[in-house]
Structure formats: structure tokens, C-alpha cells
Amino acid sequence: MDATQDKRLFLIDAYAMIFRGYYALIRNPRLTSKGLDTSAIFGFTNSLIELIRREKPTHLAVVFDVGQASVRTEDFAEYKANRSETPEAIKIAVPYIHKILEAMHIPILGVEGYEADDVIGTIACKAEKEGYTTFMVTPDKDFAQLVTDKIKIYKPGLKGGDIEILGVEEVKAKYEIEDPKQVIDFLAMMGDAVDNIPGLDGVGEKTAMKFLKEFGNIETLLANTDKLKGKLKEKVEASAERGILSKKLATIICDVPVEFHQEQYDLETPDFEKVKEVFDEIEFRRLYENLYRAFAPAATETIVVSEVEVKQTSAGTEVKGQVMQLDLFANFEELDQATSTKSTIEHNDHLYQFIDNPKAQKKLVDNLLQQKVVCFDTETTSLNELEAELVGMSFSYKKGLAYYIPLSENRDEVLQTLEIFRPFFEKEDLLKIAHNLKFDYKVLQQYDITVKGAMFDTMIAHYLLNPDGRHGMDYLSEVYLNYKPVSIETIIGKKGKNQGTFRDADLRTQTDYAAEDADITFQLYELFAPQLKKENLEELFYNIEMPLMEVLAKMELAGISLDEKWLAQESVDLENDLRQLEAKIFELSGEEFNMNSPKQLGEILFEKMQLDPKAKKTKTGQYATSEDVLQKLSSKHEIIKHILEYRTYQKLKSTYVDALPSQIDKTDNRVHTNFSQTTAATGRLASVNPNLQNIPIRTLRGQQIRGAFVSGEGQKIISADYSQIELRLIAEISGEENMIKAFQDGEDIHASTAAKLFKIPLEEVSKTQRSQAKTVNFGIIYGQGAFALAEQTGLSRTEAKQMIEAYFETYPKLKEYMAEQVSKARQLGYVETILGRKRHLKDINSNNFVVRAHAERNAVNAPVQGSAADVVKIAMIKIDRELDEQQLKTKMLLQVHDELVFESPVDEIEAASALIKKEMEGALKTQVPLLVEIGTGDNWLEAH
DNA sequence: CTAGACACGC
DNA sequence: GACGTACGTGTCTAGA
């Protein structure tokens, strides 16, 4: 700003502002520190800083009344007597304010015997001759101060926003007068010129206005009282003296002995250190940051942030920070409310700020659109995306710098604000980072915003880097950034019925939390992105997991319909069956007990009934009563089969029949599961809330529950299943020709395996032999040993061992492959899938047999299970794209590891089925054909 | 409120 | 000689 062109002198009436600040604030909970009421200090200082920030004065001084105003001493006697005692807080405030002003290098003026008004008026007159525009900063509404055309009244608003600036023109217009000095006559008449001095009796605002027009000033009025009538005449004449006194007291004396040396008033940069000392003493935190911002270099909209140095040491990450020079919005006039809120500038490592002004928000978006990489985060009222209402959004594209956009409770207003941000979310070549992006994606989708283009989920990134670990942001921050973020629970309360929502928090708290999340996530991105590249995981990340995230989001939002009527009836039926079984069991055991307690059941079976003298116990000393244990006892007592049946029904009822209806979303009557992309270490998905990946299928009664998953009106369910995908993939990966050939010839793989194992023609394979071969096939996939095999097949240990040997003879490459995986794990510490998904096996060299054996089994299993997961994921992405491309309305609803479930309008079932089968079978180029079995029906059971 | 036992899926 | 298939989630009980 060029001072020679625009010389703006601000003169503050100190006591007036201190009083005003005090009275404005005492209505609020008191600002105290060390037991002192700091309202007056805060009110004044806050207004001062706000003034500097907004107006950028070139010159500034604060004027105090000093001593008795001797010029008016006599007149003051009565005037003062009517004043109430100065509040203690104001007496305390003055010395602190002096200290603050000194530290800020702001001149303190005052002339013995004169009021601040007089001093200001005199200086203003002198400054005018030097070409200044002078602003008298005062909360008073008397315009007697308007001693010259050049002076303006600057009346700061209570909350910083509603300032009022009154110059001559404004005053003339307001009072419809020629000479602004007439205002004092007006005020003297109605008694509003000086505190506690009433004006003329019987004269209010309207009468005063009339008198002003008729007589011009108070003296003329009083000289012509004969023109008045009745009571009014009497009253005015009687109170004439007071009116004159009032005018006299309010008239500014413009010849105070004070010089105006402009250089004395130059606004200088404060001594921040000193100010901070004072602020620290009275515990003003936010004010310091505001002060800092107020003095930030003007006229720049770019971020000037000094770099923060990060040092990795053995003790952890060391962050050395510099002060942020400036934020985005310095000198941005429209930004009324966009004050920075983070109080930790003393840490010098970050700047968090909220922006609630649409113009400023647009500015921010302009800025975001110029970035290549931006991190964002949404804050909502709920973790359930369907219920969640947006409370705010935060953005960060530079470490230590983040913005928070608070959003209205009114949905229409939120939609308006989101329109401003739409270009950001939709920009293709802008990498949008978030932690658990699927959540934000779904929430925004509910507001008609589709996040498009390049995306980066730091949670998924970490999952690929370390699939076994935890991936929560707080955890990652502590581990990788050595920083413990503000816990959400400190804001909204502990989990439970009394937990509030993010909306209940005040804006400053919201800003701190939300901005921090965006900042941290951005920093995690900076760490993880290069690591993904280094570990060759970029392809998997950008081409599989991130696109899959979108597919999953769509599936979850779609949900699936349930036959509630059937479930309700089934609940009743199951309950009846359970009560009958229970009665039977109690009768047989001769005692009533809690059937749902394995502990009680064990005691009944093994102590009271003595069904097995060598009963197995669990590690806690309880009797084991799991299914396999009971199964072996079934011949001993009739009660066992009832118990097993009871258990099955109890499970069906509690987990499915009763639980599922409670998960139905009220708005669309469908259940919306969540597919977790980061929990299964092998690369599989997991389904939660509810888990729709473990809906019964094996037992007849269990199967009926699948029947309750129904298609909507005019639609059918399509279910597509990979046939033996894991076995096919292990054949493929190991290059085992015998197995590959069997698959290529379309043989029944288990029968084929049995034929080879038992060296008999395929046609002669018995049911038992096929079943045994099947068990071995699965055992191989899981790295099972002879002992477990024997247990499952009923063979002896030796027989089982022989069978495994025979198996490896049949499929020699398989044996090789398994050994290779283990040795690869030993050397590299990890194994990987066909797409390079890694699983780290730190226990592979353990001396503990059990631990090591576990790791070895993982070494074999992880690539197989993981590769199968990869293939299904590829298929899902391709199907989603094709459906979109061909504009089909068929929707993917569920994924159950090797099965995909769709809902398809009746008229496109054939097209959709063909498309699905094609994409699934062609997901990966393999020697071994991938076979998909597909079916349709009115519900999931029929489709199978 | 947590750990353990159990049962469902692939 | 040990050793008991992988990966998950949800429900319930018991005990602190």
C-alpha cells in the first residue's frame, strides 16, 4: 500500500473502546485468566487487531483521557457524579493495554486536562492539512466529533463484522441536514450527547428532528421558545440550561496543545515477542495468531510458507517448523469471518483456518484446481453414510496448511456450497486424497456429488504396503508421523448413548479437528506414494484397488431387498422349534440350564451325564462343546443331535433371521452392507454391518435364508460363481500340467484327482474316493498337514500320510511350487499374488515350530487366496465398466469372495448374464480356463 | 467392556 | 515329537 497516495490515520478513543469491549463481553461467560476478568483487555485488543487486519491503516494512535479534564472541570462535577463506579476489570485492563500497545509500537497519546475526543479532534484538523483521512475510532453515536469534512467516525461492530463508517455525507443523509455540526444540537436536545446528562425535557427523537429543521441549533430554539406552546414550552424553558451544558460538554475542543508529527504515527511491525509475553501472561492464544495475520504482508494471495524440516532419527520423526508467513486470504476483503482459529501457532508448525464465506470459498477452489494433489476430508453427523449429514469439509495440499469449510444444517444451503466445490471433486487430472475415501465418496454421492478422476486412499495405500497391520488414521499418524492427533472422542464424547455429533462442537474445535485430519492425511500420502512405487504396487493400487473402491461404493449404496414378511414368520417358527428342542434337551438331561452357555452345557454333558470320561477341554479349562466334538458323541446319547440342531437354529435365528431386518434402511427398505477393502490380509474383501458374506447355504434350513434376499419389482437376481477358482489358480501358478490338463478337458477335478491318486479309471471313482480327493485338494490349498487330513477324512495317520505322498506324486509341480513359496518367503520376507499383492511373513524364520509352521502355511495359501481375490476384483471393475458402457441398468449388489450377485431388470437379464460371464471368465489371461456358473431367479436361493 | 467360545461363509 | 486348513464377522456368555 502506498502511503503517499492513501494516508489513513486511525485515532482510537481508548476508554470508550475499553468500556465498550467490556460491556459487550460480560454478557458472555467471562474471559478470565488467573482469576482476573480479562473481558476489557480482550474486547479492546480484539477490536484493535481486527481494525488493523481489515483496514490496514497507515497511521495509528490510541488516545487516553488524562487526569481531570480541567477545561471542563466545573461542568464536570455534576456530570461525573452521575457516573457509576469504574468496573474493576477496566481498572485492571489499562496497564495491560498499555503494555500491549507499547509492544505493538503503537503510540499512546493523552493531554493533561483534555478528553480524548478533544485530542483526536485537534489532531484530525491538523492531519487534514497534510492530506490525511482521519478515522475516529469510537463506539459512541454522537457525531459532534465531526469537526471537519475529512474526519470519519469508525464504529467497529461487536463481532467484527458490522462496522459502521460515517462521513459527512452519511450524516447529512441520515439527519437530512445541511451542516453536520448540527448533529450535536440534535443530540443535545434529546439528551443523547453525553452520558448521563438528559437533554431538554419533553423532547424526543421526533421533536428534536422537528426543532432542528425549524431552528437550526439549540441556541436559536431556546431564544424562540415563545413559538412553542403549552407543556412543551414550559418543559423546554425549564431544562434549557441542561441542553446548553450538554452541547458544551459534547463539543470538541479543537485547539488542544498537541502537535501532529506524522512519522510518530506510522504503523510499525509489532515486537511479536513482547506482545506474546503479555498475551501468554493473560492466556490469550487466538489473539496472537490474529495479530500475526493482521500484520502479514498485504496484497498477496499466494501462500508463503516456510518449509518445515523433517528429520528421521532413531528416536522417531523430528519436525522442525517455521512460522507460516501468510495464509491464502490476507487482504481479502470479503473474508469477514475467515479468521484463523488454530491456537497453536506457538508450535509454529501449522496453520488451520475455516472459510465460511462463499467468495472466499470460490477463491479456495480456484487455488485447489491449480494443484496436482489435494487432500480432503468430510465431517459428518454419523458413520453411516446413508444417515450422515455433512457438517464440514477440509482441504490440504501442503503439509501444515489446511482449510475447513463449515456447512449449514440446512440441506439446500449445503447443496449450494457444494456447487462451489463440484469442479474440484469432478476434476479428472487432480489427485484427490482421503483416508477411507469410500466413506467420503458415499457421503458426497448422497449430495449428488460424484468424486471423479484420480484418487488416492491413504488407508488402502497402507493396506497394500502392510496388509497385516492396522490402518486407522490415528494409528498411522502415531506410527509414521510420530504425532498423536486429537481424538474424535474428546470432541463428541465416548462411544455410547451419550455420544454427541460433530455438529455439536464449536467452529473452532471443528476446524482444529477437521483441518488436522486433512493435514495428517496429506502427510501420509507424501510418505506412502513413493513407497507404493518402490514396492511396485502402483499398478495394483491405481488400476485395481482405487477403481474397485468406486465399484464397492456403488454396490453398498444400492443395497439389496429382503423379504421381511418371510423373515418375521421364520423367526416365529424357529422360536417354536427352539422351545421344543430345549424342552426335549432338559427332559433328557434332567435339568434346566442355559443352552446358549457352552460352559453350562459342558458341565451337564461331561460331569452330570458322563458322556465322555476323556472329554477335551479348551485352554480356559472349560469343556469343549464345539460341533466336531459333539458330532463324535452323537452315537452315545440321543441328546446330542438335539443340541446340535438347537445350536444351528439358534445361530440362524439370532444372527440372520432376527438381526437382518433390523439392518434394513428405512428410506429404501434395503440392507446396505459395507465392504471393507482393508481388513483381510490376503486381499479378500470383508463384509460388515451386516456381514452378507456368511449367509447360510449348506443346510437346508439355512439355505432358506438366502431365499429372503429378493429382487425388486420387475427384476431378477443373477448369481455368478467362479468354479474352483483357487484350485485353478494354484494349477496355473504352479504350472502343474496334470492338473491344468484336467481343467482344460473340463473334467470333474476332484474325481480326476481321485482317479490319479488311486490309479483307477475316472469312471470307477467312488463317492468316498472323490470326497477324500476333494479334502486333499482343499487341504493343499490351505497347506494342511497329514494329521488334519486324517482327522477330516477318517483315515489313519499313516494312510493320510500316504495319500499326501501319492498326491504330490500325481502333481509334482505343486509340491515344487509350495516349497518355492516357502523359500521365497524365507529369502524376501514376503510372498505375492499374480498382481504383485504382497503378504509379509515375518515369522517365516521363527525358531518356534508352531509360529513358523503357521507362517509357512501362509506362504502357500496367501498367493492362492490373494490371486483369486485379485481376479474377482478385476472382474468386478470390468463388469462395472461394461454395464456402464452398454448403459444397462443391471446393478452389482454383493461379492462373496468367488461369487457376484446382481439385480437385473427382466428385459436385460440375458444381455447382462452374457456380459457378466464373459468378463468374469476373461478377467485374466490364463492357460487354465476360468469357469463361471451363472443362474437367475426371484431371489438369491433360486439364482444359485 | 472384553475375551472366549461358537457358528456361519468361502 | 510337536503339529490340528486359510481368511473373515456376529452373537452370546461370563467375569471383571
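The values are calculated or read from the model by the stated rules, or taken from the named source; none is laboratory data. Bear in mind the structure is a predicted one, so any value in this text is a computation, not a measurement. Note that each Cβ is placed from the backbone with ideal geometry, even for glycine, and that neighbours are counted across all protein chains shown. Only protein heavy atoms, including side chains, enter the accessible area calculation; ligands, DNA and RNA are left aside. Shrake-Rupley method; radii C 1.70, N 1.55, O 1.52, S 1.80 Å.
What are the pairs, 6+ residues apart or on separate chains, where a residue within the stretch A:821-836 that is more than 25 Å from residue A:545 (Cα to Cα) and among the charged types (D, E, K, R) has its Cβ under 7 Å from a residue that is surrounded by fewer than 20 Cβ atoms within 10 Å (Cβ to Cβ) and modelled with pLDDT under 95?
Cβ pairs passing all conditions: A:826/A:845.
Residue-wise test of (1) open to solvent by 70 Å² or more (accessible area, probe 1.4 Å); (2) more than 12 Å from DNA strand C (Cβ to nearest atom); (3) under 41 Å from the mean Cα position of the chain (by Cα).
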| position | (1), (2), (3) |
| --- | --- |
| A:798 | yes, no, no |
| A:808 | no, yes, no |
| A:812 | no, yes, no |
| A:825 | no, yes, yes |
| A:828 | yes, yes, yes |
| A:837 | no, yes, yes |
| A:844 | no, yes, yes |
| A:853 | no, no, no |
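Name the one entry in A:804, A:780, A:760 that is of a type in the set (A, V, I, L, M), out of contact with any strand residue (DSSP E or B) (no Cβ under 8 Å at 6 or more places or on another chain) and within 16 Å of DNA strand B (Cβ to nearest atom).
A:780
Residues that are at pLDDT 95 or above and in the same structural domain as residue A:493 (by TED's automatic domain parsing): which strands (runs of 3 or more DSSP E) entirely in the stretch A:361-416 hold 3 or more of them?
Hits in the stretch A:361-416: A:373-380, A:390-398.
Among the residues that make up the stretch A:200-211, is at least one of them surrounded by fewer than 18 Cβ atoms within 10 Å (Cβ to Cβ) and of a type in the set (Val, Ile, Thr)?
Scanning the stretch A:200-211 turns up at least one residue that is surrounded by fewer than 18 Cβ atoms within 10 Å (Cβ to Cβ) and of a type in the set (Val, Ile, Thr).
Which residues, counting only those in the stretch A:773-782, are open to solvent by 30 Å² or more (accessible area, probe 1.4 Å) and more than 11 Å from DNA strand C (Cβ to nearest atom)?
A:774
Looking at the structure I just gave you, is residue A:643 touching an Asp or Glu at 6+ places or on another chain (Cβ under 8 Å), assigned to a helix (DSSP H, G or I), in contact (Cβ under 8 Å) with a residue 12 or more places away in the chain and within 13 Å of DNA strand B (Cβ to nearest atom)?
no
Quick check on residue A:561: is it in a helix (DSSP H, G or I) and either among the small types (Gly, Ala, Ser) or in contact with a Gly (Cβ under 9 Å, 6 or more places away or on another chain) (or both)?
no
So which of A:701, A:684 is within 30 Å of residue A:937 (Cα to Cα) and assigned to a helix (DSSP H, G or I)?
Result: A:701 is the single residue among A:701, A:684 that is within 30 Å of residue A:937 (Cα to Cα) and assigned to a helix (DSSP H, G or I).
Please go through (1) farther than 25 Å from residue A:528 by Cβ; (2) at pLDDT below 95; (3) surrounded by fewer than 16 Cβ atoms within 10 Å (Cβ to Cβ) for residue A:428 and return the number of the only condition it doesn't satisfy.
(1)
Looking only at the stretch A:892-944, count how many residues are open to solvent by 20 Å² or more (accessible area, probe 1.4 Å), touching a strand residue (DSSP E or B) at 6+ places or on another chain (Cβ under 9 Å), part of a loop (DSSP other than H, G, I, E, B) and of a type in the set (A, V, I, L, M).
Here the count works out to 1.
Take the conditions more than 9 Å from DNA strand C (Cβ to nearest atom) and at pLDDT 90 or above and apply them to residue A:678. Does it pass?
The answer is yes for residue A:678.
For the structure I just gave you, tell me whether residue A:859 is farther than 18 Å from residue A:677 by Cα and at pLDDT below 95.
So residue A:859 fits the description; yes.
Hey, can you tell me all the residues within the stretch A:593-633 that are near DNA strand C (Cβ under 10 Å from one of its atoms), closer than 19 Å to residue A:649 by Cβ and among the polar types (S, T, N, Q)?
The answer is A:594, A:596, A:597, A:600.
May I ask you to list pairs of residues, at least six apart or on different chains, whose Cβ atoms are under 6 Å apart, with the first in the stretch A:198-215 being part of a loop (DSSP other than H, G, I, E, B) and the second being among the β-branched types (Val, Ile, Thr)?
Qualifying pairs under 6 Å: A:200/A:236.
Restricting to the stretch A:602-626, name every residue that is touching a strand residue (DSSP E or B) at 6+ places or on another chain (Cβ under 8 Å) and surrounded by 16 or more Cβ atoms within 10 Å (Cβ to Cβ).
A:602, A:603, A:605, A:606, A:615, A:623
Out of A:636, A:653, A:716, A:666, which single residue is within 16 Å of DNA strand C (Cβ to nearest atom) and charged (D, E, K, R)?
A:653
Restrict the check to the stretch A:653-665 and report whether at least one residue is of a type in the set (Lys, Arg) and either in contact with a strand residue (DSSP E or B) (Cβ under 6 Å, 6 or more places away or on another chain) or open to solvent by 60 Å² or more (accessible area, probe 1.4 Å) (or both).
Scanning the stretch A:653-665, I find no residue that is of a type in the set (Lys, Arg) and either in contact with a strand residue (DSSP E or B) (Cβ under 6 Å, 6 or more places away or on another chain) or open to solvent by 60 Å² or more (accessible area, probe 1.4 Å) (or both), so the answer is no.
Please verify whether residue A:687 is within 15 Å of DNA strand B (Cβ to nearest atom) and not assigned by TED's automatic domain parsing to the domain that holds residue A:627, treating the condition exactly as stated. Even if it seems obvious, please write down each step before you answer.
On the way: within 15 Å of DNA strand B (Cβ to nearest atom): yes; not assigned by TED's automatic domain parsing to the domain that holds residue A:627: yes.
It is true that residue A:687 is within 15 Å of DNA strand B (Cβ to nearest atom) and not assigned by TED's automatic domain parsing to the domain that holds residue A:627.
Within 13 Å of the chain's Cα centre (by Cα) and either surrounded by 17 or more Cβ atoms within 10 Å (Cβ to Cβ) or on the phi < 0 side of the Ramachandran plot (or both): does that describe residue A:470?
So residue A:470 does not fit the description; no.
Being within 16 Å of DNA strand C (Cβ to nearest atom) and part of a helix (DSSP H, G or I) narrows it down to one of A:581, A:548, so name that one.
When all the criteria are applied, what remains is A:581.
How many residues are in contact with a helix residue (DSSP H, G or I) (Cβ under 7 Å, 6 or more places away or on another chain) and either open to solvent by 20 Å² or more (accessible area, probe 1.4 Å) or at positive phi (or both) if we restrict to the stretch A:179-193?
Within the stretch A:179-193, residues that are in contact with a helix residue (DSSP H, G or I) (Cβ under 7 Å, 6 or more places away or on another chain) and either open to solvent by 20 Å² or more (accessible area, probe 1.4 Å) or at positive phi (or both) number 3.
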